[in-house]
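Scroll down for the structure; my scribbles are underneath it.
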Amino acid sequence: MSIQQAIARLRAYVPPPSRWDQLPLARRAAVLIVLFADRFGDLRVVLTMRAATLKSYAGQAALPGGKSDDLTETPFQTARREAFEEIGLPLKDSQIPGFRVEHLCQLPMNLARTELGVMPCVAYLSAKTTAASPSSSLSTTSSTPITKSINPPPTVEESLIPRLDPKEVAAVFSAPFHNFLRAVDEVPSSADGVGAEAAGFPADWYKGDWTQWHQERWRMHNFYVPVAGQTVARPTQQREVVAQMPYGAHPERRRGKKRLTKAPPSASMSTSSQPPSSTSTSPLNPVAPLNDDEDPLSGLSRFRVFGMTARILVDAARVAYAEEPEFEHNSHFGDEEMIGRLMRMGRLGPVRQTGDEVTREDLIAASKI
């Protein structure tokens with residue numbers, strides 16, 4: 001299925017009625033699923049590594065997002081504002097010349113264990129110009145006249161991802177969107193060796209287990225996204241810049257470290273096949289990178305995406321590609337029904353207490369309503 005078909009399906013998606021407007025402000029949250037076309041013409045999704053200092057979900061992979069500021073804020077406005085605050089994605093298209101962020105649809109709310117109703121908002125980051133390739137991207141402002149070149153135009157991940165300024169997260173990365181329907185790595189045929197199998201070790205993309213949640217069998221998804229061949233935007237205050245590594249240059253293999261087949265509860269990333277520059281710095285983030293001993297992400301071969309974030313991405317991919325996953329999964333979308341039951345039993349009230357968390361006992365009681 002082409003990118004255009006996937007985006008069209010998301011544009012046309014109409015979610016069932018939501019309880020968002022019934023939730024008090026303290027219980028409203030939204031995340032932004034930012035999709036863009038990579039240099040191979042495939043969709044990728046932007047993800048973050050949450051900082052270790054955050055109060056909730058510290059050190060885990062997440063979609064940019066957070067809680068609403070006021071009752072007049074729509075889910076998309078909340079998600080877009082939080083994306084600006086967390087990763088520096090501008091609020092206005094005029095601030096990202098050559099690009100636009102189109103709101104495609106909203107998915108049913110998910111219930112976070114911290115007693116928040118989380119609305120996934122899907123957006124498409126694309127070039128404003130009518131370029132022949134959907135993966136063509138922005139031309140940076142320059143006094144140099146535009147000339148024809150045999151080289152392809154820079155992609156979103158090469159031009160825009162490095163320009164993001166992560167403020168509240170440890171890193172910004174991306175992952176192949178369609179791969180969230182697959183049990184193994186999908187490597188583009190034109191990827192020139194970038195991929196898990198090309199690295200000489202077996203693919204270990206997906207692992208899942210059944211557990212109990214919402215008083216029913218619940219599929220816990222774990223996706224392990226390859227780090228090599230990725231572009232990662234890091235906070236300037238951590239003296240980190242974009243790290244670009246082809247497989248052969250991965251720090252594990254350079255230093256002869258033992259290969260990590262699993263990452264700790266962390267992240268995922270965005271592809272860039274270009275080798276690192278000699279200075280390893282960027283005009284937009286003119287700082288020196290951390291050395292391996294200072295960087296907690298150094299040496300990881302894969303980043304783990306799991307929990308609610310993984311479930312949201314699986315559901316979004318199901319809508320976009322009109323396909324069911326190769327692995328076992330829960331068939332329903334979101335948790336609107338459970339959120340309604342918890343509200344009827346007096347939970348999800350207007351005042352949030354420190355340590356608020358949905359317990360097994362709460363879910364058992366709600367399931368009987």
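The values are calculated or read from the model by the stated rules, or taken from the named source; none is laboratory data. Bear in mind that the values here come from a model prediction, so they are computed numbers and not experimental data. Reconstructed Cβ throughout: ideal geometry from the backbone, glycine too, with neighbour counts over all protein chains shown. The accessibility values were calculated without ligands, DNA or RNA, using every heavy atom of the protein model including side chains. Shrake-Rupley method; radii C 1.70, N 1.55, O 1.52, S 1.80 Å.
Observations on the structure shown:
- In the stretch 308-324 there is at least one residue matching the filter, namely being out of contact with any Gly (no Cβ under 6 Å at 6 or more places or on another chain), within 28 Å of Leu181 (Cα to Cα), of a type in the set (Lys, Arg) and buried (at least 16 other Cβ atoms within 10 Å of the Cβ).
- Within the stretch 1-24, the set of residues being closer than 25 Å to Met338 by Cα and open to solvent by less than 60 Å² (accessible area, probe 1.4 Å) comprises Leu10, Tyr13, Pro15, Ser18, Trp20, Leu23, Pro24.
- Considering the stretch 193-222, the residues that are part of a loop (DSSP other than H, G, I, E, B) and at pLDDT 75 or above include one that is most open to solvent (accessible area, probe 1.4 Å), namely Asp204.
- Being in contact (Cβ under 8 Å) with a residue 12 or more places away in the chain and under 21 Å from Ser126 (Cβ atoms) is a property that does not hold for Ala29.
One line per residue, one yes/no per condition, for (1) aliphatic (A, V, I, L, M); (2) at pLDDT 90 or above:
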| position | (1), (2) |
| --- | --- |
| Asp292 | no, no |
| Asp295 | no, no |
| Phe303 | no, no |
| Met308 | yes, yes |
| Ala320 | yes, yes |
| Phe327 | no, yes |
| Met338 | yes, yes |
| Gly349 | no, yes |
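- Of the strands (runs of 3 or more DSSP E) lying entirely inside the stretch 80-179, those containing at least 2 residues that are open to solvent by less than 30 Å² (accessible area, probe 1.4 Å), at pLDDT below 90 and touching a Gly at 6+ places or on another chain (Cβ under 9 Å) span 169-176.
- Pairs, first in a helix (DSSP H, G or I) in the stretch 1-14, second of a type outside the set (S, T, N, Q) and at pLDDT below 95, C-beta under 8 Å, six or more apart: Ile3/Ala37; Ile3/Gly41; Ile3/Asp42; Ile3/Pro134; Gln4/Pro134
- Consider the stretch 325-346 and keep the residues that are charged (D, E, K, R) and crowded, with 18+ Cβ neighbours inside 10 Å. The one that is farthest from Asn222 (Cα to Cα) is Arg341.
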